[in-house]
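Peer 1: Mind looking over this structure? Questions follow.
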Amino acid sequence: MPERSLTESADTWAACPDWVRSLLAETLAPGETPLTWFEPDLDCRLHYAPAVVVLTDRRLLSYQWPGGTRQNGRPAGEPESRHAWTLSPQLELVQRDNTGVGKLELFLAGELISTWRYTAARAAGARRLSDGLSAFQRYGKVGASPVAVRPASLECATCGARFRVGEVSCPECGASIAKSPMMSLLRLFTVARKYLWMGLLGFALTLASTASGLIPPYLTMPLMDDILVPVQGGNIVDLSMVKWYLLGLAGASVLAWGLTWAQMFVMSWVSERVSADLRIKTYTHLQQLSLEYFGGKRTGDLISRVSSDTDRICYFLSVYVLDFLTDILLIVMTAAIMLSIDWELALVTLFPLPFIAYLVFRVQDRMGHGFSLGNRAWAEITTILADTIPGIRVVKAFAQEEREIKRFKKANDRVLNTNDRVNKIWSFFNAVVVLLTDLGVLVVWLFGVYRVFHHSILVGVLTTFVAYISRFYARLDSMSRMVSATQRAAASAQRVFGILDRVPKVAEATNPVHPGRLEGRISIQNVSFRYGTRPILKNLDLAIEPGEMIGLVGQSGAGKTSLINLLCRFYDVSDGAILVDGTDIRRFPIGEYRRCVGLVLQEPFLFYGTIAENIAYGRAGASRAEIIAAARAARAHEFILRLPNGYDSLVGERGQFLSGGERQRVSIARALLIDPRILILDEATSSVDTETEREIQIALSNLIKGRTTIAIAHRLSTLQQANRIVVMERGEIVEVGPHAELLERGEAYARLYRAQLDMQSGRLADEEEDDLEAADEEDVDGAEKTS
Amino acid sequence: MAIFTLKTDARRRLILTAEDGQEYVDVAPVRAFPLSDPLHAISICDAEGRELVYLDSLDELNADQRALVEEELAQREFVPVILRIVNTPALTEPSSWRVETDRGHTTFEVESEDSVHRRAPRQVSIVDVRGIRYLIPDTRTLDLHSRRVLERFL
């Protein structure tokens, strides 16, 4: 068996799990080399069943096991059926993915000879196999596409397959990769290592303050037995010790006060720093993650991970861990003291503790369950608020206030009902906890009274024991809350580490090439892009000269924005390459490359700050003159001067008081100031009226001068100054050429253009429909030819 | 009655011949309401997802055509019905679920509790991180453990 390294190599086979290797050992002919494999997880009836298909340099081998035989990520027992097909140029694998379930079909000379079914989790394997076969038939070898950098990979603990860091579950066997939440909690200590000495100091202080808290009962014992009881019994005793005992009690209180103060201070100092470190670490990492991560996450969720989860961890470390430590120490020390005073009474006193502790924990658990029900009901209210307040215009426009009030009332009633139920449980169980702790103390009284009657102990010893044991049971309640608090903190830690463990999918190159001053020659070579298993862009080829303006048109969903995302390196291509000035953009350092690319979006996002700061966002060191020059070129200068504070005016959150066109011009100035060689306009004018559009057009024509520009536009009229128009349809480039030429050709672009003209000239809707239908039919013809 | 014919070719693709004789290769039947009303509102779309034919009900088809459509639907639809939840998925994200379904045992990952939805008072659907849907048509049919697990996520 070849030695397997932890970095993914170009050799696809190296990632294959061990059980597939051993399965093949007996089947392979001498000299036959396996190339790639695929593990379908369904049978033809779409029931879960293990299977594996292996491509070798001679054959395609298939094994299928009966359903339900998968154990620990691999099939158990003998395969139900085996097949082998000798490779020939007539063999063809076709992969078809539907939502959730896919189909891989094997054709021999156009005839279907076998089908494998799989869930979306295995789609990557199916693609690997079908790509592998066609690559082997064409080039005689199976190779991974050349990629500048590959993130280090991990090995699945269940089936042994290797996968990229950042996956949630193993792409081959589906086993979970996520580490257990408790592990995450332990990982907190690696973050806290920096504060080891302060932590140890805190622990020592905890130890001391707990011990000082145990002194008072110890002093009351002789006070009672040597002085108070004899005095009450009419005996004459030496009273000189009284003041020492009382002083001792006072001293112990002062000591406990000082130590508790110091301990609280030190421990919260440490925990604040741990959570602050965690927060900045999380945020820094978040900023470095690729856009893809943010696409799949809700903003609110990410915000809560950075803010409230780290806060919860801090609270856990400073309050719960501290309390728990104190409790444990208290129990150990009290037990030691009691044993030293009177071991028999101590044993009896401690005997019921485990049972009562167990009962208290159980009760707390039930209460915790009740509380989480309450929280859930509460969350529903929050959801309704988060839903309706931002959408209030829609609610009012459709006059649905009544209905929303009803919806809220329903959720509100549910909260009320759940809380009533929880309160019922809570009030009862809380009393039960009190009863249980009282029972524990009662046991001490019972045995103590018996012993006092038989004169085997003194009253003072008994009261000391009662004092100790009451503290004990008082802590049990808070200790039992530790379980749920730990679980919650562990969950928070896991969510925080969930961000920290994520590896940016757009990776930095290992041997970067510095872009310097680019010319702006773009060459898109055979680029494909898949999002998950869905193909978005298919084999695009396009060369763009420096300074050329390209208009990108097509229906929404045609892949225009995806292409732009690839150009900005928000995502990386799945296949092929994008070259700028002859260098693969994956070889540039991401930050340096993006500084050469200016982006103007449909909805310009302005940050909180002054206009000047917003314009200088991409170049913090820009001088005032440069800012004004950029604003002038963007036709923003005059309206900025009309604002009360000129360039020092604050842009409210999301630029509330600027109009759409004004915001757009500020964002154009922002793009101008970094003087990019490549400019990308993503529907920069589609959200404004025609008049404003004209203004922006002038601003844009300043911007695009001498730069390679790629502009997406819905209004084709805005693209008339483009050197060439690229028409995209369903992820493919269907037409390229100058405006006039494409119009003359009378195909896709001409159709789009005519449709828009018709709309503008206000032709009747029904005529337009006829036109569109005609267009649709033409499309179908085209699809027929290609399929 | 709809005027079109369906047949399959050597590649077992579904072919629809429209009224005007136009042939569409690799068409797909799609249910408009797969959960709430699976037997009505069925659309037949071409390979690009454009609707060719709309059927109010499967009853509009004759027996042969209906069999073809139903077979194709069965081939495309993959919504395992959960019969039992075997493990106790943690409330942390993502959680791993081991379940017994009508299609056998399986394990899947759920991104967060937002992926577990109550659709009707007793119907629950779960979407895993890969986008596969799982259905529990009636929570009353589950055993106590499974119901407890679900309750924590709803």
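Peer 1: Which peptide among A:593-604, A:690-701 comes first, and what is the full order, when sorted by highest mean count of other Cβ atoms within 10 Å?
Peer 2: Result, highest mean Cβ count within 10 Å first: A:593-604, A:690-701.
Peer 1: Rounded to two decimals, what is Rg over Rh for the range A:505-563 when you use alpha-carbon atoms and the Kirkwood radius?
Peer 2: Values: Rg = 14.3 Å, Rh = 14.0 Å.
For the range A:505-563, the value is 1.02.
Peer 1: From the mean inverse distance of alpha carbon pairs (Kirkwood) and the Cα radius of gyration, derive Rg over Rh for chain B.
Peer 2: 1.08
Peer 1: How far apart, in nm, are the 7 Å Cα→Cβ label points at A:E78 and A:A629?
Peer 2: 8.3
Peer 1: Calculated FRET efficiency, A:V466 and A:F355, Cβ-Cβ r, R0 25 Å, to nearest 0.05?
Peer 2: 0.85
Peer 1: To continue, here is another question. Looking at A:W13, A:I381, A:T69, which one has the Cα that reaches farthest to the positive end of the dipole of the protein assembly as shown (charges on Cβ: Lys, Arg +1; Asp, Glu -1)?
Peer 2: Going by the Cα projections, it comes out as A:I381.
Peer 1: Under 18 Å between alpha carbons, and skipping anything fewer than 8 positions from A:K505 in its own chain: which lysines qualify?
Peer 2: Within the straight-line limit of under 18 Å, A:K505 reaches these lysines: A:K297.
Peer 1: Another one. Considering every residue in A:742-752, what mean count of other chain Cβ atoms within 10 Å of its Cβ is obtained? Don't skip to the end; give the middle numbers.
Peer 2: Working: counts 0, 0, 0, 0, 0, 0, 0, 0, 0, 0, 0.
Taking all residues of A:742-752 together, the mean is 0.
Peer 1: Another one. Taking amide H positions as placed in the peptide plane 1.01 Å from N, state which residues far from A:A684 in sequence (5 or more) or on other chains have amide H under 5 Å from it.
Peer 2: Placed amide hydrogens put A:I712 under 5 Å from A:A684.
Peer 1: For chain A, what is the Kirkwood hydrodynamic radius in Å, using each pair of distinct C-alpha atoms?
Peer 2: After inverting the mean inverse Cα-Cα distance, the result is 33.4 Å.
Peer 1: Other chains' Cβ within 10 Å of B:98-108 residues: what's the mean?
Peer 2: That average works out to 5.
Peer 1: Tell me, in nm to one decimal, what length is gained between A:D758 and A:L200 on full extension, where the rule is 0.36 nm per residue of separation less the Cα-Cα distance?
Peer 2: Contour length minus the Cα-Cα distance gives 193.1 nm.
Peer 1: Shifting gears a bit: Tell me the relative contact order for chain A as a rounded percent, counting alpha carbon contacts under 8 Å between residues six or more apart.
Peer 2: RCO, chain A: 10 percent.
Peer 1: What order do you get for A:T86, A:T326, A:T210 when you list them from fewest to most C-beta neighbours inside 10 Å?
Peer 2: Going from least to most buried by this count: A:T86, A:T326, A:T210.
Peer 1: How many Cβ atoms of partner chains, on average, are near each residue of B:3-11 if near means within 10 Å of its Cβ?
Peer 2: Per-residue shielding by partner chains comes out at 1.
Peer 1: Now a separate question. What list of ³J(HN,Hα) couplings, whole Hz, do you get for the range A:53-62 from phi and the Karplus terms 6.51, -1.76, 1.60, once you set θ to phi - 60° and write x for glycine and proline?
Peer 2: For the range A:53-62, the Karplus-derived couplings read 10, 10, 9, 10, 6, 10, 9, 10, 10, 10 Hz, x marking Gly and Pro.
Peer 1: Only Cα pairs under 8 Å and at least 6 apart count here; give the relative contact order of the range B:82-153 as a rounded whole percent. Mind dumping the intermediate values first?
Peer 2: Working: 124 pairs, mean separation 19.5, N = 72.
Relative contact order for the range B:82-153 comes out at 27 percent.
Peer 1: In addition: If R0 is 51 Å, what FRET efficiency do you get for A:V395 and A:T284 from their C-beta distance, rounded to 0.05?
Peer 2: Taking R0 as 51 Å, the efficiency between A:V395 and A:T284 is 0.85.
Peer 1: With the contact rule set at Cα under 8 Å and sequence spacing of 6 or more, what percent relative contact order holds for the range B:4-77?
Peer 2: 21
Peer 1: For labels at A:L446 and A:F408 in the simple 7 Å Cα→Cβ model, what's the distance in nm?
Peer 2: 5.6
Peer 1: Is it possible to state the helix-based mean residue ellipticity at 222 nm for chain A, with each DSSP H run of 4+ residues giving -39500 (n - 2.57), the sum divided by total residues, to the nearest 500 deg cm²/dmol? What is it?
Peer 2: -17000 deg cm²/dmol
Peer 1: Along the range A:385-402, what does the Karplus equation 6.51 cos²θ - 1.76 cosθ + 1.60 (θ = phi - 60°) give for ³J(HN,Hα), rounded to whole Hz, x for Gly and Pro?
Peer 2: So the J values, rounded to whole Hz, are 4, 5, 7, 8, 5, x, x, 4, 5, 5, 4, 5, 4, 8, 6, 10, 4, 4.
Peer 1: Please rank B:C45, A:C16, fewest neighbouring Cβ atoms within 10 Å first, as an exposure proxy.
Peer 2: B:C45, A:C16
Peer 1: To the nearest µm²/s, what D does Stokes-Einstein give for the range B:82-153 at 20 °C and 1.002 mPa s, using the Kirkwood radius over alpha carbon pairs as Rh?
Peer 2: The estimated diffusion coefficient comes to 179 µm²/s.
Peer 1: OK, next. Quick one: helix A:748-760 against the long Cα principal axis of chain A, what's the angle to the nearest 10°, folded into 0 to 90?
Peer 2: Between the helix axis and the principal axis of chain A, the angle is about 80 degrees.
Peer 1: Taking every pair of alpha-carbon atoms in the range A:325-456, what share in percent sits in each 10 Å bin, from 0 to the bin with the longest distance?
Peer 2: The calculated distribution, bin by bin, is 11, 24, 20, 15, 12, 10, 6, 3, 0.
Peer 1: OK, next. Under a 5 Å amide H to amide H cut-off, with H placed in plane at 1.01 Å, what residues pair with A:E735 once short-range neighbours are removed?
Peer 2: A:V727
Peer 1: When we measure straight from the Cα of A:K424, which lysines land under 25 angstrom away, once same-chain ones fewer than 8 places off are left out?
Peer 2: The reachable lysines, counting only those whose Cα sits under 25 Å from A:K424, are A:K409, A:K410.
Peer 1: Which value, in debye to the nearest 20, describes the size of the charge dipole of the range A:510-592 about its Cα centre when Lys and Arg Cβ atoms bear +1, Asp and Glu Cβ atoms bear -1, and nothing else is charged? Display every interim value, and only then the final one.
Peer 2: Values: 9 positive and 9 negative charges, 68 e Å.
Magnitude of the dipole: close to 320 debye.
Peer 1: Lysines near A:K103 by alpha-carbon distance under 18 Å, same-chain residues fewer than 8 away left out - which ones?
Peer 2: none
Peer 1: Give the long-range amide H neighbours of A:I536: residues separated by 5 or more places, or on another chain, with amide H under 5 Å away, using H modelled in the peptide plane at 1.01 Å from N.
Peer 2: Residues meeting the amide H criterion: A:F529, A:R530, A:Y531.
Peer 1: Which percent of Cα-Cα pairs in the range B:4-77 sits in each 5 Å bin, short to long?
Peer 2: 3, 16, 30, 31, 15, 5, 1
Peer 1: Using Cβ contacts closer than 10 Å as the measure, can you line up A:E80, A:E344 from fewest to most?
Peer 2: Ordered from fewest to most neighbouring Cβ atoms within 10 Å, A:E80, A:E344 come out as A:E344, A:E80.
Quick note: the coordinates plus some simple rules give every number you see, no bench work behind them. Bear in mind that the values here come from a model prediction, so they are computed numbers and not experimental data. Quick reminder, even Gly has a Cβ in these numbers, built from the backbone with ideal geometry, and neighbours come from all protein chains shown.
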